[in-house]
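The values are calculated or read from the model by the stated rules, or taken from the named source; none is laboratory data. These numbers come from a predicted model, not from an experiment. A quick note on method: Cβ atoms are made from the backbone with ideal geometry, for glycine too, and the neighbour counts reach across all protein chains shown.
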Amino acid sequence: MLRPFFSIIRRSFVSNMSERQTALVARGLPKKEPIMGVQDIIVVASGKGGVGKSTVAANFACSMAKLGKRVGLLDGDIFGPTVPLLMNIHCEPVLNDQNLMIPPQNYNVKCLSMGMITPSEGSVIWRGPLVMSAIQRLLKGAEWGPLDVLVVDTPPGTGDVHLSLSQNVPITGVILVTTPHSAAVQVTVRGARMYEKLNVPIFGLVENMRYSTCENCNQRIEFFKNSSTNSLPHKLISLPLHSHIAECSEIGVPIVIKYPESKYSNLFTQLAKKISEILDKQKGR
């Protein structure tokens, strides 16, 4: 019961602790180990909820798969899983001979979520230790490999899920998602600072719902005249707000699959190519 408490203390006050104190606290933490058969783990995160993070994660995963990558998508939101809806996967994963879950697949993306395991009408009412155990089970209790990239959609905030991820597996990098609204940006900045403290690289920012384009005159309509995202890491792409996004989310077909030639899909192709180039540079390819 003390492990989550010590985890928070270690991350929040490590700068004021001696090396001996840090070593004592770290004894109770899980050992960070890679997932068998998974080359890179990319976290999609934002401190703020409602900024379209899950939609970005699903479309990014599908875009990477369209580039020929072997991709998995893990739903890290234990209390509000959305990957089953966005990816149209509602079956329960089966177990192999080693008692490992086999992630169901759709659109060439392997997916796993608590929403596939728990009843859709039920609610998960867990404290921190159970949440961290669930994340560890989804990460290492599944036969993910072989994968080039595992995309992890995370919940809002800077709590147990984020800490458990950083403590259990080596994260290759983080994609931040926010709207340009100052309230969302302020919270996303806190999320960025958390990953910086955890020594996790931040690939950049996806700015979501900044504008829309009129279908009749093709004029761009700006929703945020003065963007405050300059305080965040460099912008990877800026996404519009479009009715097709809501439509695709409801029917469980990512927009990059249903409308592959749209401007929105092209932006996600750009994002997938940028991240692929970063991964290649890291590996010296």
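For first residues located in the range 271-285 and over 15 Å from SER63 (Cβ atoms), partners that are surrounded by 18 or more Cβ atoms within 10 Å (Cβ to Cβ) and of a type in the set (Ser, Thr, Tyr) and lie 6+ apart or on another chain with Cβ distances below 8 Å form the pairs GLN282/THR172. Would you say LEU267 is free of Cβ contacts under 8 Å to residues at least 60 places away in the same chain and in a helix (DSSP H, G or I)? Against the criterion (free of Cβ contacts under 8 Å to residues at least 60 places away in the same chain and in a helix (DSSP H, G or I)), LEU267 qualifies. The condition (being modelled with pLDDT of 90 or more, of a type in the set (A, V, I, L, M, F, W, C) and more than 30 Å from ASP97 (Cα to Cα)) is satisfied by just one residue among ILE171, ILE221, ILE175: ILE175. Can you name the residue in the range 231-285 that is surrounded by fewer than 16 Cβ atoms within 10 Å (Cβ to Cβ) and of a type in the set (A, V, I, L, M) and is also farthest from HIS90 (Cα to Cα) among such residues? In this case the residue turns out to be ALA246.
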